[in-house]
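In what follows, a structure is listed as structure tokens, so that the remarks can point back to it.
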Amino acid sequence: MARPIGIYEKATPKHFTWKERLEFAKELGFNFVEMSVDESDERLARLDWTKEERLEVVKAIYETGVRIPTICFSGHRRYPMGSADPVLEAKSMETMQACIELAQDLGVRVIQLAGYDVYYEDKSPETRKRFLKNLRQACTWAEQAQVMLAIEIMDDPFINSIEKYLAVEKEINSPYLFVYPDTGNLAAWHNDFYSEFLLGHNSIAALHLKDTYPVTETSKGQFRDVPFGQGCVDWEATFQVLKETNYQGPFLIEMWSENCETVEETKAAIQAAQAFLYPLIEKAGL
């Protein structure tokens, strides 16, 4: 397919080196891998990689021809920009600046931010106000570095639609702030896909392909590890909307199969996702 299609790092074997991971992705026909910098000590430590460690990743990109254009930066779950704790708030900005510098060094174009004001704390008008203040500062750094920031539509009511993102975008008013929708997260909150993508078309940096179980009066939904085709995403309708609204950006298959017992088991899980999604993408003319 001409459209770039990538795979999430957490879908690939966790023990792989970056060169092995990119070779694995290439073998499966992917154009790129999305790196994860989550809230674990292990992945947050990537923000402190030496120049030599960063150069090894860059070499792997050039040797394999598989890019790393995006970082999924969910470390802000642990250190949220809206935190009432000044120590956590300061840490959120320190990690944000470090992630932008890492992106510069690796050639990453987009840093995906989790759309939470806070995650483990109680929300309030003050947490939203701090989030917006610190997001504006993050966008200033991003503009200076020429690295785009893109807020993911989340498993959380704070930003669970493109419409809610657009209100944030208007308030921040930065040319380097975008939205990174997730098909599963959008569907779980019962958003109208046509309205969402028609209104948000010019603000979309990339798109996660994922299935979910919906949020209902009796269920908080399930936002990961839902097999493709078994959740609430109407895939044919989704791809048709993307066609009608002229979405030309990349697709990222979001899966969590990094801890499968064998590499072959991981590969089979990814291939099953491809076998489900690719005919639907082709049918829609995408």
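The values are calculated or read from the model by the stated rules, or taken from the named source; none is laboratory data. All figures in this text were calculated on a predicted structure; none of them were measured in a lab. We place every Cβ from the backbone using ideal geometry, glycine too, and count neighbours over all the protein chains shown.
Summary of values
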read-out	value
Ala2 modelled with pLDDT under 95, part of a loop (DSSP other than H, G, I, E, B), surrounded by fewer than 16 Cβ atoms within 10 Å (Cβ to Cβ) and among the aliphatic types (A, V, I, L, M)	yes
Count of residues meeting criterion [in contact with an Asp or Glu (Cβ under 9 Å, 6 or more places away or on another chain) and either more than 15 Å from Thr262 (Cβ to Cβ) or outside any loop (DSSP other than H, G, I, E, B) (or both)] in segment 13-22	5
Of the criteria (1) over 18 Å from Val33 (Cβ atoms); (2) part of a helix (DSSP H, G or I); (3) not basic (Lys, Arg), which one Gln271 fails	(1)
The listed residue being in contact (Cβ under 8 Å) with a residue 40 or more places away in the chain and surrounded by 13 or more Cβ atoms within 10 Å (Cβ to Cβ), out of Arg21, Arg46	Arg46
Every residue from segment 48-88 that is among the charged types (D, E, K, R), within 23 Å of Trp256 (Cα to Cα) and either part of a loop (DSSP other than H, G, I, E, B) or in contact with a helix residue (DSSP H, G or I) (Cβ under 7 Å, 6 or more places away or on another chain) (or both)	Arg67, Arg78
Residue match in segment 62-81 (condition: without any contact (Cβ under 8 Å) to a residue 24 or more places away in the chain, more than 27 Å from Ala275 (Cβ to Cβ) and surrounded by fewer than 17 Cβ atoms within 10 Å (Cβ to Cβ))	yes
Test result for Ser195, closer than 21 Å to Asp234 by Cα, surrounded by fewer than 17 Cβ atoms within 10 Å (Cβ to Cβ) and of a type in the set (Ser, Thr, Tyr)	yes
Wholly within segment 154-250, helices (runs of 4 or more DSSP H) carrying at least 1 residues that are under 23 Å from Ile7 (Cβ atoms), at pLDDT 95 or above and of a type in the set (Ser, Thr, Tyr)	183-188, 235-244
Residues being in contact with a helix residue (DSSP H, G or I) (Cβ under 7 Å, 6 or more places away or on another chain) and buried (at least 17 other Cβ atoms within 10 Å of the Cβ) - total across segment 252-286	9
Index of the failed condition, Ala150 passing every other in (1) part of a helix (DSSP H, G or I); (2) over 30 Å from Glu217 (Cβ atoms)	(1)
Enumeration of residues in segment 124-145 that are in contact with a helix residue (DSSP H, G or I) (Cβ under 8 Å, 6 or more places away or on another chain) and without any contact (Cβ under 8 Å) to a residue 40 or more places away in the chain	Arg136, Cys139
Residue among Ser83, Ser92 that alone is over 20 Å from the mean Cα position of the chain (by Cα) and of a type outside the set (A, V, I, L, M)	Ser83
Residue satisfying all of: in segment 243-276; of a type in the set (A, V, I, L, M, F, W, C) and within 18 Å of the chain's Cα centre (by Cα); nearest to Thr212 (Cα to Cα) among these	Met255
Residue among Phe32, Phe16 that alone is aromatic (Phe, Trp, Tyr), within 29 Å of Leu277 (Cα to Cα), without any contact (Cβ under 8 Å) to a residue 24 or more places away in the chain and surrounded by 13 or more Cβ atoms within 10 Å (Cβ to Cβ)	Phe16
Close pairs (7 angstrom Cβ cut-off, 6 or more residues apart or separate chains): in contact (Cβ under 8 Å) with a residue 40 or more places away in the chain and surrounded by fewer than 24 Cβ atoms within 10 Å (Cβ to Cβ) in segment 164-192, small (Gly, Ala, Ser) and outside any helix (DSSP H, G or I) anywhere	Phe178/Ala150; Phe178/Ala205
Some residue of segment 238-245 being under 23 Å from Phe30 (Cα atoms) and among the charged types (D, E, K, R)	yes
Number of the exception - Gly65 against (1) among the small types (Gly, Ala, Ser); (2) in contact with a Leu (Cβ under 9 Å, 6 or more places away or on another chain); (3) within 26 Å of Tyr176 (Cα to Cα)	(3)
